[in-house]
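A short worksheet on the structure shown next.
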Amino acid sequence: MALGARLEIRQGQSLVITPQLQQAIKLLQLSNLELDAFVDAELEKNPLLARDEREEISQPERAAEEALVSDRFDEAPGGAAEADLDARHDDLYADAAPGDRATGDAGDAAQAATQGSTAGDGGGAVDWSKASRSGSFDTDGEGFEGALTREKTLAEHLEDQTALCGFSPAERAVAFALIGAVDEGGYLRASTDEVADRLGCAVTLVEAVLKRCQGFEPTGVFARDVPECLRLQLQELDRCDPAMEALLGNLELLARRDMAGLKRACGVDEEDLREMIGELRALTPRPGAAFGGEPTTSVIPDVHVREDKLAGWRVELNTDTLPRVLVDQRYHATVSRGARSDQEKVFVADCLASANWLVKSLDQRAKTILKVSSEIVRQQDGFLAFGVEHLRPLNLKTVADAIGMHESTVSRVTSNKYMSTPRGVFELKFFFTSSIASSDGGAAHSAEAVRHKIKTLIDSERGGRDVLSDDRIVEILKETGIDIARRTVAKYREALRIPSSLDRKRAYKQAC
């Protein structure tokens, strides 16, 4: 067969993902904090954008705003106003795999926002940036007064002790590197080989400095695991005898409450074993938890749900989390008249188009969040009225079909969004639970409601004789119309961190 070049004309259709469409998709999944940071960045880049800082709003504007940020769950969804961007979202995911549509991962623009793992996550990544701290008064711009009034962190407490140990310059560098590898609980999350390889020194030097650092306060810091942390505290109390060493080496038996196995391993009687266990309970498994860490960020709800005597439940957007952005038309007219070259005119036109699209995207985002939240409230009104036992099974497809959107759009809207209800603040994804079939052919049950029933049954146990096995819990649940397997009960029980029936019996006997 001969090879040759030729020209062909083919006709086809394809969706072009413009930068504006990528921006609209990105805005849907941002939390309110991330959205505020994104808008700040856009305000710096685009001179035609300005924040709307008006405090007083006229009556027509207030009515329009209330129409935007308020909705009732029993009203018919929609209209054509929401169909613009959502239709493009749906087209974008038309050919995506079912798993990608459900999670909203398909069709994402490339995002290079990498997140480093913290030292406390048990992974191999270590924040070595802490190792370069010094004992100066330069506190990253917080001021001398702020350094005196704020709570001291664990790293700063360890650095203060390092300055008093009389380390040589080499040992001091090793000490600071070890401090940088300590997590908030006080555990060392880097091996001595890693520290030695990074600093280019001998492992023996790192081990020698580590041994001295393990004498710092609070006792137990720089431990590499829980037994070592407890051992350091017992050594300070002069209670680390062979029997206690054997107990530290068999903590898994203690977790299972296997007292017979512990007595054999430690070579002690029951009374001595109880005293040893009491001494362990008096220790601190996380010695660094008493010190200040990174400031916690409070959750700000995106949606408020309030009871309405006339219509059941009223859903309102939290306007405090919605950035108010305006296009400065007056400044645009001034700049347009002053633009002379084609490059300047193109720049002004691009800024105006970008500003208009951002305002439209923010408005569309608010409407979509309100639309999805209203449908969730309509579906889960039983939970709001009667509690978690009345939580209904719900998935993304049910909500998407009800409001005429794509599953991926609903998935993005419910990510990192919170709803304030009379029963507390919940993430929107909390209301999406799997279903468990009914044994009597009735409506299915929510997995979250079944977990709550299992916990209630176990909490109602009145001692060692009334301990419910997983099989007995299955029988009780089937009597109430819940068809569930024993392995599912065991999985839910373990997720609730509830011991097995055998371990609970041992715990009741020990308590007696």
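The values are calculated or read from the model by the stated rules, or taken from the named source; none is laboratory data. On a predicted model such as this, the values are computed, not experimentally measured, just so you know. Cβ coordinates were reconstructed from backbone atoms using ideal geometry, including for glycine residues, and neighbour counts include every protein chain displayed.
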* Structure fact -> Across the stretch 260-280, the tally of residues that are within 17 Å of residue 503 (Cα to Cα) and crowded, with 17+ Cβ neighbours inside 10 Å stands at 1
* To do: Would you be able to say whether some residue in the stretch 212-234 is under 33 Å from the mean Cα position of the chain (by Cα), under 25 Å from residue 503 (Cβ atoms) and of a type in the set (D, E, K, R)?
  => yes
* Name the pairs: first residue in the stretch 363-379 and farther than 15 Å from residue 408 by Cα, second residue of a type outside the set (A, V, I, L, M), Cβ to Cβ under 6 Å, at least 6 apart or on different chains? -> 367/82; 370/71; 374/71; 374/73; 376/431; 377/73; 377/313; 378/73
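From the list 194, 245, which residue is in the same structural domain as residue 168 (by TED's automatic domain parsing), closer than 28 Å to residue 168 by Cβ and surrounded by fewer than 18 Cβ atoms within 10 Å (Cβ to Cβ)?
Details: 245 fails: closer than 28 Å to residue 168 by Cβ.
Every option except 194 fails the conditions.
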* For the stretch 415-426, does any single residue satisfy the condition of being in a helix (DSSP H, G or I) and touching a residue at least 40 places away in the same chain (Cβ under 8 Å)? -> no
* Within the stretch 431-451, restricting attention to residues that are in contact with an Asp or Glu (Cβ under 8 Å, 6 or more places away or on another chain) and surrounded by fewer than 17 Cβ atoms within 10 Å (Cβ to Cβ), which residue is modelled with the lowest pLDDT? -> 439
* In the stretch 145-233, which helices (runs of 4 or more DSSP H) lie fully inside it and hold 3 or more residues that are closer than 15 Å to residue 287 by Cβ, at pLDDT 85 or above and of a type in the set (A, V, I, L, M)? -> 154-162
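Sort out for me the helices (runs of 4 or more DSSP H) sitting completely within the stretch 237-344 that have 1 or more residues that are closer than 30 Å to residue 49 by Cα and either in contact with a helix residue (DSSP H, G or I) (Cβ under 9 Å, 6 or more places away or on another chain) or free of Cβ contacts under 8 Å to residues at least 12 places away in the same chain (or both). It would help to see each step written out before you state the result.
Numbers: elements: 242-248, 251-255, 259-266, 270-281, 329-338.
Qualifying helices (runs of 4 or more DSSP H): 329-338.
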* Would you check which residues across the stretch 354-411 are hydroxyl-bearing (Ser, Thr, Tyr), crowded, with 23+ Cβ neighbours inside 10 Å and touching a Leu at 6+ places or on another chain (Cβ under 6 Å) and list them? => 411
